[in-house]
């Protein structure tokens, strides 16, 4: 997998992976969102407090049935593709750059309604250098495949 086509993979639920996800993806995503939409302003906290608070929140959310977290990873600048495979390397590997996130959950259909359960995309984010590369479309395809499964 080359640096120009990030690997999409499940977000592990271990502490180190969730911390990296929160620092490298969730916080930048929410800062971008706050810059674009005033109703999404963030508290005036240091980055570490956001990260600490989000690790437990993410773990709890992702342990719910039907919830999934996905990250897109690529070999970072200076990393040789032969040294690190973004599809299999540990998410915490410093040779990886995390460049996108996708969070999904299942919206179960209540009994009175005649419709199937739905997979809902709760969050999708692509880091600036990878916008316009088709990564968001690949995330949506990943969500559609997950919904079919």
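The values are calculated or read from the model by the stated rules, or taken from the named source; none is laboratory data. Note that the structure is predicted; figures quoted are calculated from it, not measured. Because the Cβ atoms are built from the backbone with ideal geometry, glycine has one as well, and the counts that use them run over all protein chains shown.
For the stretch 52-75, the condition holds for no residue, the condition being that it is more than 19 Å from the chain's Cα centre (by Cα) and either at pLDDT 95 or above or surrounded by 15 or more Cβ atoms within 10 Å (Cβ to Cβ) (or both). Scanning the stretch 35-50 for residues that are assigned to a helix (DSSP H, G or I), exposed (fewer than 14 other Cβ atoms within 10 Å of the Cβ) and touching a helix residue (DSSP H, G or I) at 6+ places or on another chain (Cβ under 9 Å) turns up 40, 47, 48. Only a single item in (1) surrounded by 11 or more Cβ atoms within 10 Å (Cβ to Cβ); (2) under 23 Å from residue 144 (Cβ atoms); (3) touching a residue at least 12 places away in the same chain (Cβ under 8 Å) is not met by residue 90, and it is number (2). Is it true that residue 85 is at pLDDT 85 or above, more than 15 Å from the chain's Cα centre (by Cα) and within 20 Å of residue 15 (Cβ to Cβ)? No.
Being in a strand (DSSP E or B), without any contact (Cβ under 8 Å) to a residue 60 or more places away in the chain and touching a strand residue (DSSP E or B) at 6+ places or on another chain (Cβ under 7 Å) is the requirement here; does residue 106 meet it?
Details: in a strand (DSSP E or B): yes; without any contact (Cβ under 8 Å) to a residue 60 or more places away in the chain: yes; touching a strand residue (DSSP E or B) at 6+ places or on another chain (Cβ under 7 Å): yes.
When the stated conditions are applied, residue 106 passes them.
Just one of 96, 135, 102 is surrounded by 11 or more Cβ atoms within 10 Å (Cβ to Cβ), under 16 Å from residue 7 (Cβ atoms) and either touching a helix residue (DSSP H, G or I) at 6+ places or on another chain (Cβ under 8 Å) or at pLDDT below 90 (or both); which is it? None of the other options fit; the residue is 102.
Residues to consider are 20, 115, 53; find the one that is part of a helix (DSSP H, G or I) and free of Cβ contacts under 8 Å to residues at least 60 places away in the same chain.
Working: 20 fails: free of Cβ contacts under 8 Å to residues at least 60 places away in the same chain; 115 fails: part of a helix (DSSP H, G or I).
After ruling out the rest, the residue left standing is 53.
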